[in-house]
Amino acid sequence: MEPRHHISEEVLFSYAAGHTSHAFEVVLASHLTLCPVCRERMAQHEAIAGQLMEHEQPVAVNEDSLDCIFAQIAEAGPIAKAPKSRPSGRELSDVPGPLAQLLPHSDLKSLPWQSMVPGVKQFDLTPEGGSDQTLKLLKIAPGTTIPQHTHNGSELTLILHGSYTDEMGRFKRGDIATLDSEVSHQPIADSDEDCICLIAVDGNLKFKGLLPRLLQPIIGL
Amino acid sequence: MLHGNIVVTEKARMPGHPAADPDFAADMQSVAQSQDRDAFARLFQHFAPRIKAFLLKQGASLAQAEELMQETMVTIWQKAHQFDPAKARASTWIFTIARNRRIDRLRKQARADVDLTDPALVPDPLEDGEAVVARSEDRERISAAMRDLSHEQLQVIKLCYYSDMSHSEIANQLDIPIGTVKSRIRLAIARIKAALEDA
Ligand SMILES: [Zn+2]
């Protein structure tokens, strides 16, 4: 089934152009794996970028440019054609490849989850040296409410399992939410299964209200 | 090496090339199927100066732009068999290669991208032959629609692709309200989409 909540135009634009952080790319590529609609939108953005490149005023290349290129080709040796078949061992996975590559194994439920607050566990995937980016999986128990909060910078959330509901609607597998400082929401895991989502952030959540502010250092989203 | 620039220029002007193959799909296939160096030289002649210009616009120095352009051309040779003319124009595919080489240069992690052989992939809805033809016509309509954009629309679209500025930074740069930036982008994209839907 196709997702109903898609990548925003601004974010898609920036991903097509190659300007997003690695954490964002993992979430966006995972959504594209699950969403034929955004794959087609992405193809259109890339076609536009290709046209911009095509219409550039040509710039002189070095005189020996083509010779250098043929020399590099010769040095690299024969072309290894990538196998068309699927990599073995991943046949049964429902975890999108761009995420699966970062996990110790592809069974989301048995990852070494860390408890954050009652009802919420996390698995941190932030790359080393990713100073201003965060990438993590969250597992939210059925019925759990995340306190009302807004976001510093922007945040992408992709639902992989279960579902949640907030002010913007119901989010199920494959749906993606784009959140920024303008948006304040209070998501509730609303099905009888754990809600597992992949989150990329730059900046920390700013919680509203007293209790949530006390939670902030613990949740540290 | 035989392939100096002058030789290439003469080849490119021979009748039958490149006018007969304006989007270079046949040259791409000759490179993929028979490692055809003349076809590759024609691709180089057309695309290399444009790839270099594109990289310069994105802030690369002259030396970096030349080096990344050369790497991009090497990758085009090595991956030509992955190019599918039914899915994209050569310029689109070549743009994605240049983009990815640039990212590889800027940071440690390679670009995360969709793998169409991913077991988790939700496939495209089944398409009949007509839909496939319509899709390749779409690519033509995108380039036609791009030519019809206003100067202001093209300017913001270019800033979005060339720089990693946010919409508010673009507004500062052009000294216009952010709402104007957003609406120009929206109008430009709507115009391109309308051209696709008119068909
Ligand atoms: Zn989508």
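The values are calculated or read from the model by the stated rules, or taken from the named source; none is laboratory data. Everything numeric in this text was worked out from a predicted model, so none of it was measured. As a convention, Cβ positions derive from the backbone with ideal geometry for all residues, glycine included, and neighbour counts pool all protein chains shown. Ligands, DNA and RNA are excluded from the accessible area calculation, which covers all protein heavy atoms including side chains. Shrake-Rupley method; radii C 1.70, N 1.55, O 1.52, S 1.80 Å.
Pairs meeting the criteria (first residue in segment A:119-136 and within 13 Å of A:Val27 (Cβ to Cβ) and part of a strand (DSSP E or B), second residue modelled with pLDDT of 85 or more and among the charged types (D, E, K, R), beta carbons under 9 Å, at least 6 apart or on different chains) are A:Thr134/A:Asp124; A:Thr134/A:Glu155; A:Leu135/A:Asp124; A:Lys136/A:Asp124. Tell me, yes or no, whether segment A:95-111 has at least one residue that is within 14 Å of another protein chain (Cβ to nearest Cβ), among the aliphatic types (A, V, I, L, M), more than 18 Å from the chain's Cα centre (by Cα) and open to solvent by 30 Å² or more (accessible area, probe 1.4 Å). Scanning segment A:95-111 turns up no residue that is within 14 Å of another protein chain (Cβ to nearest Cβ), among the aliphatic types (A, V, I, L, M), more than 18 Å from the chain's Cα centre (by Cα) and open to solvent by 30 Å² or more (accessible area, probe 1.4 Å). In segment A:12-26, of all residues being aliphatic (A, V, I, L, M) and away from the ligand (no atom under 12 Å from the Cβ), the one that is surrounded by the fewest Cβ atoms within 10 Å (Cβ to Cβ) corresponds to A:Ala17.
Residues being more than 20 Å from A:Leu52 (Cβ to Cβ) and among the β-branched types (Val, Ile, Thr) are entirely absent from segment B:181-199. Across segment A:61-73, the qualifying residues are those that are at the interface with chain B (Cβ under 7 Å from one of its Cβ atoms) and part of a loop (DSSP other than H, G, I, E, B), and the one among them that is farthest from B:Ile189 (Cα to Cα) is A:Glu63.
Within the bounds of segment B:102-114, is there any residue that is among the β-branched types (Val, Ile, Thr), surrounded by fewer than 17 Cβ atoms within 10 Å (Cβ to Cβ) and not in a helix (DSSP H, G or I)? Within segment B:102-114 (the criterion being among the β-branched types (Val, Ile, Thr), surrounded by fewer than 17 Cβ atoms within 10 Å (Cβ to Cβ) and not in a helix (DSSP H, G or I)), the answer is no, since none of the residues qualifies.
Name the single residue that is nearest to the other protein chains (Cβ to nearest Cβ) among those in segment A:1-11 being surrounded by fewer than 22 Cβ atoms within 10 Å (Cβ to Cβ) and either more than 12 Å from the ligand (Cβ to nearest atom) or not charged (D, E, K, R) (or both). Looking at the filtered set, the residue picked out is A:Glu10.
In segment A:157-182, of all residues being open to solvent by 30 Å² or more (accessible area, probe 1.4 Å) and away from the ligand (no atom under 14 Å from the Cβ), the one that is farthest from A:Ser8 (Cα to Cα) corresponds to A:His161.
Which residue is modelled with the highest pLDDT, if the candidates are limited to segment A:151-194 and must be polar (S, T, N, Q) and farther than 20 Å from A:Gly119 by Cα? Taking the candidates together, the pick is A:Thr178.
Take A:Glu56 and decide whether it is among the acidic types (Asp, Glu), surrounded by 21 or more Cβ atoms within 10 Å (Cβ to Cβ) and in contact with a helix residue (DSSP H, G or I) (Cβ under 8 Å, 6 or more places away or on another chain). Spelling it out, it is not the case that A:Glu56 is among the acidic types (Asp, Glu), surrounded by 21 or more Cβ atoms within 10 Å (Cβ to Cβ) and in contact with a helix residue (DSSP H, G or I) (Cβ under 8 Å, 6 or more places away or on another chain). Within segment B:28-65, being aliphatic (A, V, I, L, M) and open to solvent by 10 Å² or more (accessible area, probe 1.4 Å) holds for B:Ala32, B:Leu56, B:Ala60, B:Leu62, B:Ala63. Of all residues in segment B:159-180, those satisfying the criterion of being assigned to a helix (DSSP H, G or I), within 14 Å of chain A (Cβ to nearest Cβ) and surrounded by 14 or more Cβ atoms within 10 Å (Cβ to Cβ) are B:Leu159, B:Cys160, B:Tyr161, B:Tyr162, B:His167, B:Glu169, B:Ile170, B:Ala171, B:Ile178.
Results for (1) at pLDDT below 90; (2) aliphatic (A, V, I, L, M); (3) over 29 Å from A:Val95 (Cβ atoms); (4) within 15 Å of the chain's Cα centre (by Cα), shown as yes or no for each residue.
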{"residue": "B:Glu66", "(1), (2), (3), (4)": "no, no, yes, no"}
{"residue": "B:Ser91", "(1), (2), (3), (4)": "no, no, yes, yes"}
{"residue": "B:Ala112", "(1), (2), (3), (4)": "no, yes, no, no"}
{"residue": "B:Val122", "(1), (2), (3), (4)": "no, yes, no, no"}
{"residue": "B:Leu126", "(1), (2), (3), (4)": "yes, yes, no, no"}
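The single condition among (1) exposed (fewer than 15 other Cβ atoms within 10 Å of the Cβ); (2) within 17 Å of the chain's Cα centre (by Cα); (3) at pLDDT 90 or above that A:Asp132 does not satisfy is (3).
Here's the yes/no breakdown for (1) touching a Leu at 6+ places or on another chain (Cβ under 6 Å); (2) over 22 Å from B:Arg102 (Cβ atoms); (3) among the aliphatic types (A, V, I, L, M):
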position: A:His31; (1), (2), (3): yes, yes, no
position: A:Leu34; (1), (2), (3): no, yes, yes
position: A:Val37; (1), (2), (3): no, yes, yes
position: A:Ala43; (1), (2), (3): no, no, yes
position: A:Pro58; (1), (2), (3): no, no, no
